[in-house]
Amino acid sequence: MAYLGSRRLFVLLTAGALASAACGGSAAQRAALKVQSQNQAGTNAAAPGGGGYSGGDAGASAAPAEAGAATSDVAGSSPGAGASSSGSAASPAAGSNSAAKSSSAAAQPATRSAAGSSGGSGAQSSGAGAGKVLPGGSSGPTPGAPTPGGPPGAGSAVGGATDVGVTANSIKVGHIGIYSGPVGSFGDDLSYAGRAKLQEINDSGGINGRKLDVLVRDDAWDGTKGMNAARDLVEREHIFAFCCIMSVNTSDPLTPYADEHKIPHIGADGWGEPQYKGAWTFPVSASAVTEAHMLAKYQAEKQGAKRVAIIYINNPTGRAYVKAYEEVIKKFNGEVVFSQPATFDDPGTTTFIAQARTQNIDTISTYLDPGIFTRLVREAAAQNYKPKNAFSGAAGLYFQVTPNFTGPNGEGTIAATHWVTNDMDTPGYRAYKAVVEKYYPKIDHSTWTKGGFVGASIFGNALKSLGLEVTRQRLKDTVDTLSNFETGLGPNISFSPGHHRANKTIYLAQIQRSGDKFEFKYIAGPLVDEYAETN
Amino acid sequence: MTKLIQTLIIGLEYGCVYSLIAMGMVLVYRTTGVLNIAHGGIGVLAGFIAWDLNTLRGWPYFPAIGAGILVAVAAGLLFERFIVRRLAAPALATVATLALFLLLQGLVFVVPWWGNTWGQVFNSPFANKQVAIPGADYSVSWDQLILFGNVLLFFAGLYFILRRTRVGLAMRAVSDDPTAARLMGIRQKLVAPVVWGLAFGLSGLTTMLLAPILLLDNTSLTAFTLKALTVTFVGGLISLPLTVLGAITLSMLEVSTQLYLPNVKGLSDAWPFLILIVVLVARFARGTKALEDTAVAPA
Amino acid sequence: MLTARGLTVAYGPVKVLHGIDLDIASGEIVALIGPNGAGKTSTLNAIAGLLPHQGEVTLDGEALPTAAEEVVRKGLALVPQGRRVFPTMSVEENLLMGAYSKGARWKGSDERFAPIYEIFPRLKERRRQEAGRLSGGEQQMLVIGRALLSQPKIVLIDELSLGLAPKMVLTLLETIQRFNAEQGTACLLVEQAATAALKIASSAYLLQRGEVVYHGPAARLRDDVDVLHSAYLGQGTARRESAIRR
Amino acid sequence: MSTVMERAPSELSPERAPAAPKRSPLNRRTILRTIGLTVLTAFVLTMPYDMNWAGSAFALDYGVIIGMVVLSVSVLGWIGEFTLAVVAQMGFGLVVVNLLQNAGMPFLIIIPVVILSSIPISILLGVFALRLRGVYFAIATLAFGYMAQKTFFQSYLGVQGGFGGTDSKAISRPAGFQGSESFYYLLMGSLLLMALICWAVNKSWIGTSLTALRESEAAFSVLGHSPGAYKMFTICLSGAIATVAGAYFGMLQGLVPSNYFQPALAVLYFGFAVAGGMGSVGGACVAGIAFGAIPKYFDSLSEGKLVGYDQFFIGVVALAVVLWAPGGFAYIGRRIWHRLEGSPPAAPEVSTFEIDVRDPLAAAAAAGAETPDGAEA
């Protein structure tokens, strides 16, 4: 009873929340609402095509279907790619190994049939596509088998084998961004660039007649939340693929999950090392390890850094950053004198600075977000202290908000970035900027916005090259053989199976005064990481 | 030498922050029996209003923070009038402050134009100004000095109010023995608003003093509030001087372990708990009655 | 001057006062005696506004408010049981709180306290000391002095003698008598140890199980030991003696 | 009467309600109870599917775990205390599961070990409870939770990302319960079992003794009982529930960073417990599930733009409960149930929270205020 009461209350509250967002909301909030209504439109459009994929119409029929999906999960097979058809002729086991071996584009059709999951191999696939319906036949709206439900409709719109999350006129794409949490105030920009590119693809006709239906979730820069969102997207919303997730805390744990469920993740942020171990994850930006290598090398060679202190956010990437920096600085007879983990609720910057001063530190390197970094710099200024070589930091610092926050105290700070810096003004950068700012004019261009853009571009191009036959396996194989993709933003991107470390390039930028403002200016690059692992 | 000065100044800085929050809590607890958990929430509200006025609406700094503190005081008065007064038992009012805390932390996100609120810069006009300490390679920022100055002022002010003014004496009488205070003709209705207004205003002031040193976000006071709570224990939630002593001790211990024993991981964060155990053992050894809420045996 | 009609007090379902009537004339000292649990303290607390009650209480014909903080403004002061000084405040501050309802300020406080200091010179010696550190007798002096500072028409004193040496009790009672004689302040004394109180009281009420079983001159009660005994020892005797009920 | 607390949830055991001698209300009551129980059972059994329109079954799993945590907070209401260490106890449960899973232990061994592992910490907290009451005990548990989070969880679990300190493997769900829907049944089963145990304990002589203890510790010990033993038992019970909840939390989430064990969250869970009705078993479960699951459903509705809304509304609800229904959901639920049944309204409940313990006269007044004429009907 009480439960019901509180639910009614919450319904009211939700209404209030939406109303307030609609009336006074910022542009971003309105955009959020727009996306939602778009999604709804997508649902409606898909419905006549046969079979709602979300199970939103609950009812008695939806429940058994869900239960079926759940049991197949337990069996260990992927819910995607129709492998859940336990009773059908498909051979789920054949999957990934053979796929990994086949590397040339010519081998693709063979791979597909080996995988078996996508049904028939030929272009005359509409009948074969229908073959991957669950044993239940027409009554069970299979998660992710929308086209076959209505053969006439499917035939008239587009043909081709399809996969989970692909309908006659849409492809469901999952995106997880940083919209709240400790870095939320600039984290949303990271998503907007990639989403701008996806939107542009839609506005210029979509993918061979299909529109991208982008489902957006928030992870608050928290891997746990991110994985919750990922599971919801995969297991309830039945998306086709993930695209351009720029949150390291989500991308890292998502990598094994994507492999397990065989879901492509195109354009991951690549900051964390675990992402390079995934067969289905394609990072486009460089690793924090690479940043640390190049920063250490540059600071040792050009600035004579000998005694370094590092403060880092205590997550796996932060720890890898410290280790990598230490490895390289040792090669130049320097040392990391001490390192200290930081947390958002109590960053400990005051005593870090105090300790750095007493230990005769000449360089402070950081793996931080602009917020904690600003506290660090302010603390140092209050204590009238600045290390000889000032501060440096991973790509997390390369935002315009950083100099805006720190003011003159941050002058001289060096940050790593994986793409051309904003002041380089290359044609590629101008083209990127034109697209992004068309949709999100006030965006703070950083390493990650560019990475998101590149990821979305690769995703769009690869999908286009698939023609009408859009399956996860084919998408993966296509991106796996991507060669020298022109990003226009510095490094070009190439993947090969088992080798997903596509970007080992670092540019360095420094906070410098220009007039009464402070901005990041190009100082070095492209530096290619010679210490990086080769995988 | 520099290291020592460093330790002392940083220790004092955080000690002041803990004291400010802890004193507000003790003040409320003593006079009303309510543990004011809303401290962090009120501070956030006041801080964001001041920040809004200053950066979004272009008010000058001091009127903006003044308005922020006024809003906090008003919130205290309203909270007392419409909520605390309706709740007969202090423990219920404690829960109400908890609800208020959640509500206000969320409110910062709900106001649409405050948007995503993690880490806003809210500088005082004294940003980036510091005073060098003679004889040591060290300096104190103006913002820190203002923090120290305010804490001293607040001490002095509180001392004056509690010792010399009618309402202050009434507050002390109420905290000593609420029933006897009623028999003296002290109207809770007059004392309570002063206490709540003062406490909430103090939360607002604390945020204003901290915002230039840290950043302003919706949890900026929460971590401090938790530590301040353990500090109040030292004074048994009763004694103001002991509370301040506890606050300074805690921060000095924390800072000096971090600076002098950086390799003993985790020690500095264990101090609140260790201090608590020491206080308990000391009380136990002295044979003092276990700390509990019951003050007087039933009549 | 102070009258109560049908005063009823209940703790939960348990009634402790069954509609008693009290009358205290101006300038009179009245003793309210009775055994443990007879409802003496409840009577005082109810009159002073500390306990919710039913029945009518008037002072000088005017109904008393039901909130303690208002009652004192009408000129009725209660000295509660257990010497409830404000322990962390000094003696002076305690006295000042006594004068609170009369709008007392520090200014001119010395003159105002003078009569109290005159009666209790010990308090003057310790005026700066924390009240919590005083001895029991001194604390009792303090609470009495504090109550008198509100210049009450009537003062209600609960268990003056509890935990005090007999000599100290005597001193205090004498002081009350003196004050009564000089200022004309009426006084309602609640005592379990009846004899001392009955010595200075002019009339007395004997309370038993929440009912008045005797009202009359204190002297009679004092002299008639049987009545007193029966009241304290049990209802069998009390019923036999009920003849003395007014 | 002043300290009567909710003893048993009407939702779980409606047959326990006091028998009201009315004209053949038996039939109506039996029917109502059968219907109520059936509806409730059906709802509980199909919950993940009923709520699918709002979001994934994960949200519900999360809610059920929060229900366990809130239950553990609420149970301490039996001895009139509240704890802020549940979050730390959850964290230890998670760590234990991680260690055991790395050692290859099966689920059926893990859970008993987790329960056993909760005892040392509960005893530590119990020692505090022997010396400290009320707010002071809460502060002590807070300091403990703070220390555990800062010195241990932050290095062992890392922040934001999860397992930053040890590079341990993610925690996996037990075999057969991998899906969010199937895991729900395991969780719900466990929660019901816990609730049943708590309810049985509270109904037994232990519960009676605890009520006596709460009413007057002095009288209780004079009667020859040891207050310490009873307190310790309750704290151990509460600790075991919290620790198991933490273990399940790890299984649900896989990787859990230390920010999920911040002591500030304990304040939130305490708020839930109050909304549910401190000391109530059913109220705690309902409040935990509702307040745990609904914000999770919200999560998927927006791009994080509703992030603070859940906190805001939980604050509003908690405030409303404190103002108008201090007995919490448990009290509201009972009142509604009694109205439905047509039996006389439940006696107004006053938790120990309502009495100003500093002032015995006020306490007496509070006790007296409601009685002479039957008070509110």
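The table below gives the values:
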| read-out | value |
| --- | --- |
| Answer from A:216, A:234 - the residue that is in contact with an Asp or Glu (Cβ under 8 Å, 6 or more places away or on another chain), of a type outside the set (Lys, Arg) and within 11 Å of chain D (Cβ to nearest Cβ) | A:216 |
| Selection count, the range A:325-352, where residues are touching a residue at least 60 places away in the same chain (Cβ under 8 Å) and either among the aliphatic types (A, V, I, L, M) or outside any loop (DSSP other than H, G, I, E, B) (or both) | 2 |
| Yes/no for residue B:133 being modelled with pLDDT of 90 or more, surrounded by fewer than 23 Cβ atoms within 10 Å (Cβ to Cβ) and away from chain C (no Cβ under 14 Å) | no |
| Which numbered condition residue C:70 fails, given (1) under 16 Å from the mean Cα position of the chain (by Cα); (2) within 23 Å of residue B:165 (Cβ to Cβ); (3) of a type outside the set (A, V, I, L, M); (4) at the interface with chain B (Cβ under 8 Å from one of its Cβ atoms) | (1) |
| Evaluation of residue B:223 against (1) within 14 Å of chain C (Cβ to nearest Cβ); (2) surrounded by fewer than 23 Cβ atoms within 10 Å (Cβ to Cβ); (3) not basic (Lys, Arg) (one fails), failing number | (1) |
| Unmet requirement for residue A:378, which otherwise passes all of (1) touching a helix residue (DSSP H, G or I) at 6+ places or on another chain (Cβ under 6 Å); (2) more than 17 Å from residue A:414 (Cβ to Cβ) | (1) |
| Flag if residue A:364 is over 28 Å from the mean Cα position of the chain (by Cα) and crowded, with 20+ Cβ neighbours inside 10 Å | yes |
| Candidate set from the range A:253-290 (those that are part of a helix (DSSP H, G or I) and touching a Lys or Arg at 6+ places or on another chain (Cβ under 6 Å)); member that is surrounded by the most Cβ atoms within 10 Å (Cβ to Cβ) | A:290 |
| Filtered residues of the range C:73-102 (kept if among the aliphatic types (A, V, I, L, M) and either more than 7 Å from chain B (Cβ to nearest Cβ) or under 18 Å from the mean Cα position of the chain (by Cα) (or both)) | C:76, C:77, C:78, C:79, C:85, C:91, C:95, C:99 |
| The range D:138-150, residues that are in contact with a Phe, Trp or Tyr (Cβ under 9 Å, 6 or more places away or on another chain), within 14 Å of chain A (Cβ to nearest Cβ) and without any contact (Cβ under 8 Å) to a residue 60 or more places away in the chain | D:147 |
| Helices (runs of 4 or more DSSP H) (entirely within the range D:20-111) containing at least 1 residues that are farther than 21 Å from residue D:246 by Cβ and modelled with pLDDT under 90 | D:25-50 |
| Residue match in the range A:208-220 (condition: in a helix (DSSP H, G or I), of a type in the set (A, V, I, L, M), within 17 Å of the chain's Cα centre (by Cα) and buried (at least 24 other Cβ atoms within 10 Å of the Cβ)) | no |
| Residues satisfying the stated conditions in the range B:201-215, i.e. in contact with a Gly (Cβ under 6 Å, 6 or more places away or on another chain) and over 15 Å from residue B:19 (Cα atoms) | B:211, B:215 |
| From D:60, D:76, D:84, D:71, residue being touching a residue at least 40 places away in the same chain (Cβ under 8 Å) and within 18 Å of residue D:149 (Cβ to Cβ) | D:84 |
| Residues being touching a Ser or Thr at 6+ places or on another chain (Cβ under 6 Å) and within 14 Å of chain B (Cβ to nearest Cβ) - total across the range A:394-437 | 3 |
| Verdict on residue B:174 being touching a Ser or Thr at 6+ places or on another chain (Cβ under 8 Å), at the interface with chain C (Cβ under 10 Å from one of its Cβ atoms) and assigned to a helix (DSSP H, G or I) | yes |
| Test: residue in the range D:162-169 that is among the aromatic types (Phe, Trp, Tyr) and in a helix (DSSP H, G or I) | no |
| Long-range neighbours under 6 Å by Cβ, at least six apart or interchain, first residue over 18 Å from residue D:275 (Cα atoms) and facing chain D (nearest Cβ under 9 Å) within the range B:79-99, second among the basic types (Lys, Arg) and crowded, with 22+ Cβ neighbours inside 10 Å | none |
| Filtered residue count, the range A:433-456, keeping only those that are farther than 20 Å from residue A:179 by Cβ and either modelled with pLDDT of 95 or more or of a type in the set (A, V, I, L, M, F, W, C) (or both) | 3 |
| Number of positions in the range D:96-137 that are within 14 Å of another protein chain (Cβ to nearest Cβ), in contact with a helix residue (DSSP H, G or I) (Cβ under 8 Å, 6 or more places away or on another chain) and hydrophobic (A, V, I, L, M, F, W, C) | 9 |
| Pairs, first more than 8 Å from chain B (Cβ to nearest Cβ) in the range A:353-382, second buried (at least 24 other Cβ atoms within 10 Å of the Cβ) and of a type in the set (Asp, Glu), C-beta under 9 Å, six or more apart | A:367/A:291 |
| Some residue of the range C:124-134 being touching a helix residue (DSSP H, G or I) at 6+ places or on another chain (Cβ under 6 Å), over 21 Å from residue B:180 (Cβ atoms) and free of Cβ contacts under 8 Å to residues at least 24 places away in the same chain | yes |
| Some residue of the range D:245-252 being hydrophobic (A, V, I, L, M, F, W, C), within 11 Å of another protein chain (Cβ to nearest Cβ) and closer than 27 Å to residue D:96 by Cβ | yes |
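The values are calculated or read from the model by the stated rules, or taken from the named source; none is laboratory data. The shown structure was predicted, so the numbers you read here are calculated from the model rather than taken from an experiment. In this analysis, Cβ positions are derived from the backbone assuming ideal geometry, glycine residues included, and neighbour counts consider all displayed protein chains.
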